[in-house]
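Have a look at the structure below before the remarks.
The values are calculated or read from the model by the stated rules, or taken from the named source; none is laboratory data. Quick caveat: nothing in here was measured; it's all calculated off a predicted structure. Counting neighbours? That spans all protein chains shown, and the Cβs are built from the backbone with ideal geometry, glycine included.
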Amino acid sequence: MSKALQAGGWRYRAGVGARALAAIAGGYALAALATAVLALYLPMARHDAVTTATLLSFAIYAGAAVWVFAVRSAWRAWAGLALPAALLSAMLVLGRGA
């Protein structure tokens, strides 16, 4: 096998690994932040808001995992998770009055 094919194979595998890490860790972080923000901002009783936010987190996690593998590059996948995570973090900090 030529070196060009070997290098391409390594890059492809690294890209898939980076996307898998983004889907697992980044998707989890995004879902956790969304759960906390939704539980804080949903206009209902606290226990109902927490239950609703937790149920929605499963859809958010699945959507993030699918989206990570749908974009063109691993960089876009990480950026696409980092931007909403930063926004949700800001909303969480502002909502808690910190």
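See the values below:
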{"quantity": "Test: G27 is surrounded by 13 or more Cβ atoms within 10 Å (Cβ to Cβ) and modelled with pLDDT under 95", "calculated": "no"}
{"quantity": "Hits in region 60-86 - residues which are touching a helix residue (DSSP H, G or I) at 6+ places or on another chain (Cβ under 9 Å) and closer than 13 Å to A31 by Cα", "calculated": "I60, Y61, A62, G63, A64, A65, L81, A82, P84, A85"}
{"quantity": "Given (1) without any contact (Cβ under 8 Å) to a residue 24 or more places away in the chain; (2) more than 13 Å from the chain's Cα centre (by Cα); (3) within 22 Å of G95 (Cβ to Cβ), number of the condition A59 does not satisfy", "calculated": "(2)"}
{"quantity": "Near pairs, Cβ below 6 angstrom, 6+ apart or cross-chain, from region 73-84 (touching a residue at least 40 places away in the same chain (Cβ under 8 Å)) to any residue that is outside any helix (DSSP H, G or I) and not hydroxyl-bearing (S, T, Y)", "calculated": "A77/V71"}
{"quantity": "Filter result (surrounded by fewer than 12 Cβ atoms within 10 Å (Cβ to Cβ) and farther than 22 Å from Y12 by Cβ) within region 49-98", "calculated": "L55, F58, A59, L83, A86, A90, V93, L94, R96, G97, A98"}
